[in-house]
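Below you'll find the structure, written out as structure tokens, and then a few comments.
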Amino acid sequence: MATRVADSDSYRHLWTAPELDRMFDERQRLQRWLDILVALARAQASLGIIPAAAADLIMANADARLLDVKRIAAHARHTSHSTLGFIREVQRILPDAAREYVYYGATVQDITDTWFGLVLRDVGDIVTRELYHLEGLLIDLATAHRNTVMVGRTHGQPGAPITFGFKVATWADEVRRHLDRLHEGGARWAVGQLGGAVGVLGFYGDLGLDLRRRFCAEIGLGDPGISWLTSRDRIAEFAHVLAMVCASLARFGGEVYELARPEIGELHETAPTGTVSSITMPHKQNPERSEHLDTLSRLVRAHTGVLIEGMNQQHERDGRGWKAEWVSLPEVCELTVTSLVLAQRLLAGLRVDAAAMARNVAASGDDLRSEQILAGLSAVQGNHAAQAMMAEVVESGAARSLGLVAAVAERGGFGLSQVEGWSARQPMGAARAMVDLVVEHARGARASAPSRTGPPQGGLPSWT
């Protein structure tokens with residue numbers, strides 16, 4: 001029986017991604033732990049620490065399907081030790097000649113932290129892949145609407161014209177920076193752990209450093225250089241990058257959420273057939289996807305807070321923050337990938353109402369030209385004097401009764417045609433040029449990173 005909403009058959013599609021479910025499934029986790037033990041045994045055999053025959057037997061029998069998970073759980077409850085049940089069960093499935101050589105000189109964190117290194121590597125690759133595909137959608141959207149004029153808003157109020165392509169290009173540029181962060185941090189995060197009791201590899205004597213290098217190479221991770229039993233900054237940093245990714249997605253979703261309001265009506269989500277937004281108000285179509293991106297981001301930020309708390313550890317081993325990672329790191333990973341797939345679906349089905357954007361620009365009248373009028377007036381009077389005069393025009397109510405152009409002309413003694421000339425100047429400045437710069441940069445970066453072009457994660461059920 002599911003005790004968490006995220007495990008419920010009815011709701012798990014809102015919080016989890018099948019690819020991550022498989023990664024964090026208990027038997028899959030046990031298989032990865034077995035893979036780590038195989039890598040350790042092979043590295044030890046290469047240095048003569050254990051017999052090569054024993055390493056071969058460990059590798060031949062490292063199959064999680066042979067493990068009795070209930071027996072492991074019962075042993076864990078009985079001993080209050082996090083991995084002793086696993087160790088005993090691994091010994092049970094091994095031939096006699098190998099039983100004393102599995103987990104040889106290793107500790108819990110050598111296995112679980114190396115697994116974390118694999119998680120950071122693999123989840124980083126998945127997040128990179130999904131961001132790459134999201135960036136592609138954003139580039140196409142920004143290009144398509146490079147010239148689609150809309151109201152630019154500051155503090156929630158109409159300010160000056162922009163293009164929708166300019167807005168979307170800021171999203172694409174943000175995604176590109178996240179891709180850069182993941183690329184730059186990958187080698188720092190994806191490392192193994194082999195430290196032994198207190199991190200100094202005392203069990204292995206003079207062979208410790210060579211063994212760790214070989215072990216990390218066997219499992220496909222970097223050598224950390226020094227044990228990181230209580231140095232949890234790698235996990236905290238990785239989680240914070242994912243939290244930033246989700247915060248960006250929440251920002252994008254928040255724009256859709258706001259601009260989908262009927263009184264604005266500039267963007268609309270495409271709801272799958274059969275979607276019901278309200279059983280009591282049938283006319284509604286709620287922005288479910290954009291809204292949920294904010295929910296997911298809140299949860300990721302909360303779990304990320306737990307992980308940065310984990311950096312505050314004592315001495316050479318401390319189970320408090322470390323064990324909290326076992327709960328929060330998988331949640332951060334699951335929620336982030338779920339967010340990325342959801343954001344792709346949102347953008348792929350986004351409907352842009354260019355006519356509504358144009359109507360909203362027209363409805364704002366001269367107000368959206370205030371910056372151009374200020375620029376023209378500043379050239380005549382000086383910037384600060386022009387600002388003061390326009391403030392007087394607005395505060396007096398003249399701008400509302402006469403229109404901003406006529407009010408400025410009357411207040412300053414200018415000809416109406418002169419002020420109209422100022423207001424007719426290009427109101428969007430370099431908006432289109434900046435769209436072009438972002439798109440050009442993104443396309444250049446994508447051309448040099450073909451490894452990021454793999455198929456997007458497609459296993460999530462359709463959104464309802």
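The values are calculated or read from the model by the stated rules, or taken from the named source; none is laboratory data. What you are looking at is a predicted structure, and each value in this text was computed from that prediction instead of being measured. For neighbour counting, all protein chains shown are included, and Cβ atoms are generated from backbone atoms with ideal geometry for every residue, glycine included.
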Do we have any residue at all in segment 307-329 that's touching a residue at least 24 places away in the same chain (Cβ under 8 Å), under 23 Å from Gly159 (Cα atoms) and among the acidic types (Asp, Glu)?
no
In segment 319-339, is there at least one residue being more than 30 Å from His268 (Cα to Cα) and of a type in the set (S, T, N, Q)?
yes
Consider Leu259 carefully, then state whether it is under 19 Å from the mean Cα position of the chain (by Cα) and surrounded by 13 or more Cβ atoms within 10 Å (Cβ to Cβ).
no
For segment 57-71: of the residues being under 34 Å from the mean Cα position of the chain (by Cα) and assigned to a helix (DSSP H, G or I), which is surrounded by the most Cβ atoms within 10 Å (Cβ to Cβ)?
Ala64
Is it fair to say Gly152 is in a helix (DSSP H, G or I) and assigned by TED's automatic domain parsing to the domain that holds Tyr257?
no
Within segment 178-230, restricting to residues that are out of contact with any His (no Cβ under 9 Å at 6 or more places or on another chain) and polar (S, T, N, Q), the one that is nearest to Leu340 (Cα to Cα) is Gln193
Number of the condition not met by Phe86 [criteria: (1) more than 36 Å from the chain's Cα centre (by Cα); (2) surrounded by 21 or more Cβ atoms within 10 Å (Cβ to Cβ)]
(1)
Taking Leu94 as the residue in question, decide whether it is at pLDDT 95 or above, in contact with a helix residue (DSSP H, G or I) (Cβ under 9 Å, 6 or more places away or on another chain) and closer than 24 Å to Trp326 by Cα.
no
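Return the total of residues in segment 81-131 being of a type outside the set (A, V, I, L, M, F, W, C) and part of a helix (DSSP H, G or I).
Of the residues in that region, 20 qualify.
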What helices (runs of 4 or more DSSP H) lie completely within segment 333-398 and have 2 or more residues being at pLDDT 95 or above?
354-363
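Can you tell me which residue is nearest to Arg261 (Cα to Cα) among those in segment 335-382 that are of a type outside the set (A, V, I, L, M, F, W, C) and without any contact (Cβ under 8 Å) to a residue 24 or more places away in the chain?
That would be Arg359.
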From Met281, Met244, Met311, grab the single residue that is out of contact with any Leu (no Cβ under 9 Å at 6 or more places or on another chain), within 28 Å of Cys333 (Cα to Cα), outside any helix (DSSP H, G or I) and not polar (S, T, N, Q).
Met311
List the residue pairs whose Cβ atoms are under 7 Å apart, where the first residue sits in segment 108-136 and is in contact (Cβ under 8 Å) with a residue 60 or more places away in the chain, the second is among the hydroxyl-bearing types (Ser, Thr, Tyr) and crowded, with 20+ Cβ neighbours inside 10 Å, and the two are 6 or more positions apart or on different chains.
Ile111/Thr83; Val127/Thr336
